[in-house]
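Structure first, then comments.
Please treat every number below as a calculation from the coordinates, not as lab data. Source: prediction; values computed, not measured. Every residue, glycine among them, receives a Cβ derived from its backbone with ideal geometry; neighbour counts consider all protein chains shown.
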Protein chains: 2
Amino acid sequence: MAHPLAGAVVDGEGAQQRRAIAKAITLLESTRPDHRVQADVLLTELLPHTGTSFRLGISGVPGVGKSTFIEALGLHLIAQGHKVAVLTIDPSSSVSGGSILGDKTRMEHLSVHPMAYIRPSPSSGTLGGVAEKTREAMLVCEAAGYDVVIVETVGVGQSETAVAGMTDMFVLMQLPNAGDDLQAIKKGVMELADLVVINKADLDADAATRAQAQITSALRLFSQHGRERGAWHPQVLQLSALRNTGIEAFWAAVVRFRQVRTDEGRLQERRRHQAMAWMWERIEGGLRSAFRQDAQVRELLPTISADVDEGRLPASTAARRLLAAFGIPGTDAGAGPA
Amino acid sequence: MAHPLAGAVVDGEGAQQRRAIAKAITLLESTRPDHRVQADVLLTELLPHTGTSFRLGISGVPGVGKSTFIEALGLHLIAQGHKVAVLTIDPSSSVSGGSILGDKTRMEHLSVHPMAYIRPSPSSGTLGGVAEKTREAMLVCEAAGYDVVIVETVGVGQSETAVAGMTDMFVLMQLPNAGDDLQAIKKGVMELADLVVINKADLDADAATRAQAQITSALRLFSQHGRERGAWHPQVLQLSALRNTGIEAFWAAVVRFRQVRTDEGRLQERRRHQAMAWMWERIEGGLRSAFRQDAQVRELLPTISADVDEGRLPASTAARRLLAAFGIPGTDAGAGPA
């Protein structure tokens, strides 16, 4: 293999492999252009060893109990013989360097377990950038034989969409009182969910049951894909991560989901779709970034933006003027995809 | 004025003005680069004469009665002294050259009225392109003194979002039975609505009343902006365009909306936001278009896409490779906005 880390990631054992994984992810997260070139070589080498794990996305507001749940689930899976990686997308990292998530010590038993690998969110970058690094880190973990990769995030900003866009199954965690106030559930997130989990169900059994009924009907009402959903219908489960109840039933549901989707061919289809969408998203991110960093554009942008904002210049004329400054002359922007 | 059409659009009268408007819009719709340059000159000249009209977006599925409603509304407004322009975004035009909408004769009285100007959808281009032309045509009509501009579309694809993104108020038309099957209402459209109209309410008064109640509670549940909505709460009205009942109450609601939003400063804010969003959308459209038309990209894209699709190449590596071919080397796409 051309990259020295690839062998150690794929075939390494124990502490040696862990160090290789950590180094590989650090390389991926580097913004140095030469590192980026190396990282691409490494990723391409690792790719044939990826794809056999199950990618599970988990989201929920702060306080819903994600860490406790992932710790309980991870230990349960390890007891069954799985190797579990936990990655995090912390949307706060792009602002503050990370505060909502990313604290390894949240999962005290899992984080020291030899069969688990926990990696906090990259500590800087836009959500798109952070998501890219996480997606690549996921491939590293898969190549290293972690057959369950959990990607967690909090219900803030667009991070759920990013997580749902890189996983096989997206799980939304709720508190028992959430059903009473469906408005509190962010728009667009409910219909991403393949499964909803009501945690802390032991605290108020009545509220949990009510929430389960309400969320079930909301899922039915706003099931985005209609018949496209196929044979799987989003479900709502109650559990208590703290008391370790319901974890087994949760995993049984995940296994059922995986089976149904594999049989339908949708699991592979989702991954292929995700990869292509990811490629185009990164291309568009790169184009935007190059545009905004262009010297000519930077010089013109303030004046032109002000002219548009104050109604002196039509928006479409402004766009054409800036595109011309970037070296795309006479663009009929209308020819681009909508 | 530097462009010969500008004077005739702004100060022309009767048939002369109508011809000038038609010529101006034809110029805007032209894809010839020299026409585009002229169109930008013209638009910039017209811009100071725009912005005083009210921009009303109307959407609904085929058969809901949009034409009948717009005809009734338009004649009602003209009787009150308004000049009414009706523009159309037909998402089918990009595929078939237009079939769902765009038939002038649908509004037989309004289309021949001297105080009305009706222009069908541009007959080709992507939705983004068609929407751009419509947005520009709206400015031409405004400069010509049309103080109510109605932009209609059907509930297909993303056209509602485009219309809501260029108007002051977005109205969704429904049939009386729609409430029975909220699933039939496309996701994401309901929360764009500032007002929902149940047409053909005379056909089944019970169903219309039931629909009104159900849609009202759905609007409350999924009111996207929460407190950002300000003092206006989306409403649901019943009417019958065919029997010409409820038109007056509809317009009274529009006037109330306009007043509330103007007082809050939100009407201007929405327009400024729309203009900036529009500029960036057109820039991104132009970038995408230039990228996809680039000779180097076109040569590499099939192979690279296939490699990503079949899992031989990581999506992010593929993106970097294609960006480099486009002349954007060493891009850390993560630096771009999410």
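Let's test the formula: R0 of 25 Å, r as the Cβ-Cβ distance of residue A:248 and residue A:16. What FRET efficiency results, to the nearest 0.05? Each step should come with its number before you reach the end.
Details: r = 34 Å, r/R0 = 1.34.
Efficiency for this residue pair is about 0.15.
Write down the Å³ per residue value for the convex hull defined by the alpha carbon atoms of chain A. Provide the component values of the computation, followed by the final result.
Details: hull volume 56.5 nm³, N = 338.
That works out to 167 Å³ per residue.
At 7 Å along Cα-to-Cβ for each site, give me the label-to-label distance between residue A:272 and residue A:41 in nm.
So the two model labels end up 3.2 nm from each other.
Take the Cα pairs of the protein assembly as shown, get the Kirkwood Rh, then feed it into Stokes-Einstein at 25 °C and 0.890 mPa s and tell me D in µm²/s. Please report the intermediate quantities before stating the final value.
Details: Rh = 27.4 Å.
In µm²/s, the coefficient rounds to 90.
Is there a simple number for the mean count of other chain Cβ atoms within 10 Å of the Cβ of residues in A:287-296, and what is it?
Working: counts 14, 9, 9, 10, 7, 4, 4, 1, 0, 0.
That works out to 6 on average.
Please state the charge dipole magnitude for chain A, taken about the Cα centre, from unit charges on C-beta atoms (+1 on K and R, -1 on D and E), reported in debye and rounded to the nearest 20. Show your work: numbers first, answer last.
Values: 35 positive and 37 negative charges, 39 e Å.
Using Cβ point charges on Lys, Arg, Asp and Glu, chain A gives about 180 debye.
Suppose you put the label 7 Å out from Cα in the Cβ direction; list, shortest first and in nm with one decimal, how far residue A:210 is from each other copy's label.
2.7
For residue B:258, which inter-copy label distances result when the label point lies 7 Å beyond Cα on the Cα-to-Cβ vector, reported in nm to one decimal and in ascending order?
6.0
Pick out, in residue order, every one of the trypsin sites (Lys or Arg not before Pro) in the stretch A:238-338 that is DSSP loop and has at most 10 other C-beta atoms within 10 Å; say none if there are none.
Numbers: sites: A:243, A:256, A:258, A:261, A:266, A:270, A:271, A:272, A:282, A:288, A:292, A:298, A:312, A:320, A:321; in loops: A:243, A:312.
Loop-located and lightly packed - none at all.
Just to be sure I understand: with springs between alpha-carbon atoms less than 10 Å apart, which residue in A:40, A:309, A:206 has the highest mean-square fluctuation in the Gaussian network model of chain A?
Greatest mean-square fluctuation among the candidates belongs to A:309.
Using only DSSP helix segments of four residues or longer, with each worth -39500 (n - 2.57), what per-residue ellipticity at 222 nm results for the protein assembly as shown after dividing by its residue count and rounding to 500?
Values: 24 runs with 336 residues, N = 676.
Taking each H run of at least 4 residues, the total per residue is -16000 deg cm²/dmol.
If you line up the long axis of helix B:127-143 against the longest principal axis of chain B, both from Cα atoms, how many degrees apart are they, to the nearest 10?
Compared with the principal axis, the helix lies near 50 degrees.
For chain A, what does the relative contact order come out to in percent, with C-alpha contacts under 8 Å and a separation of six or more?
On the way: 509 pairs, mean separation 52.5, N = 338.
That works out to 16 percent.
Please report the residue of chain A with the smallest beta-carbon distance to the A-to-B rotation axis, and give that distance in Å, no decimals.
Smallest Cβ distance to the axis, with its residue: A:287, 2.
Can you tell me the orientation of helix B:66-79 relative to chain B, as the angle in degrees between its alpha-carbon axis and the longest Cα principal axis, to the nearest 10?
60 degrees
Considering only A:107, A:8, A:236, whose Cα is most displaced toward the positive end of the charge dipole of chain A, charges sitting on Cβ of Lys, Arg (+1) and Asp, Glu (-1)?
A:8
Could I have the simple spin-label model distance between residue B:220 and residue A:52, label points 7 Å from Cα toward Cβ, reported in nm to one decimal?
5.5 nm
Quick one: longest stretch of chain A between exposed loop GluC sites (Glu not before Pro), exposed meaning at most 13 other C-beta atoms within 10 Å and loop per DSSP? All intermediate terms of the calculation are to be shown ahead of the outcome.
Numbers: sites that count: A:13, A:108, A:310.
Longest run free of exposed loop sites: A:109-309.
Which value in Å is the Kirkwood Rh of the stretch A:199-319 over different Cα pairs? Before the final figure, lay out the partial values.
Numbers: mean 1/r = 0.0512 Å⁻¹.
By the Kirkwood definition, the hydrodynamic radius is 19.5 Å.
Given the options A:245, A:303, A:52, state which has the largest fluctuation in a GNM of chain A using a 10 Å cut-off (strictly under) for Cα springs.
Largest GNM mean-square fluctuation: A:303.
What are the trypsin sites (Lys or Arg not before Pro) within the stretch B:1-53 that DSSP puts in a loop, where the Cβ has at most 10 other Cβ atoms within 10 Å?
Details: sites: B:18, B:19, B:23, B:36; in loops: none.
Passing sites in the stretch B:1-53 do not exist.
Rg and Dmax of the stretch A:1-48, using alpha carbons, in Å: what are they?
10.2, 31
Nearest 10 degrees is fine. How inclined is helix B:247-264 to the longest principal axis of chain B, computing both from alpha carbons?
Result, in degrees: 60.
Where is the GNM fluctuation largest for chain B (alpha-carbon springs, 10 angstrom cutoff): B:79, B:241, B:131?
B:79
Taking R0 as 30 Å, what FRET efficiency do you get between residue B:299 and residue A:301 from their Cβ-Cβ distance, rounded to the nearest 0.05?
Taking R0 as 30 Å, the efficiency between residue B:299 and residue A:301 is 0.40.
Label-to-label distances across copies for residue A:13, with labels 7 Å out along Cα→Cβ, in nm, shortest first?
9.7
In whole Å, how far is the Cα centre of the stretch A:134-174 from that of the stretch B:1-37?
53 Å
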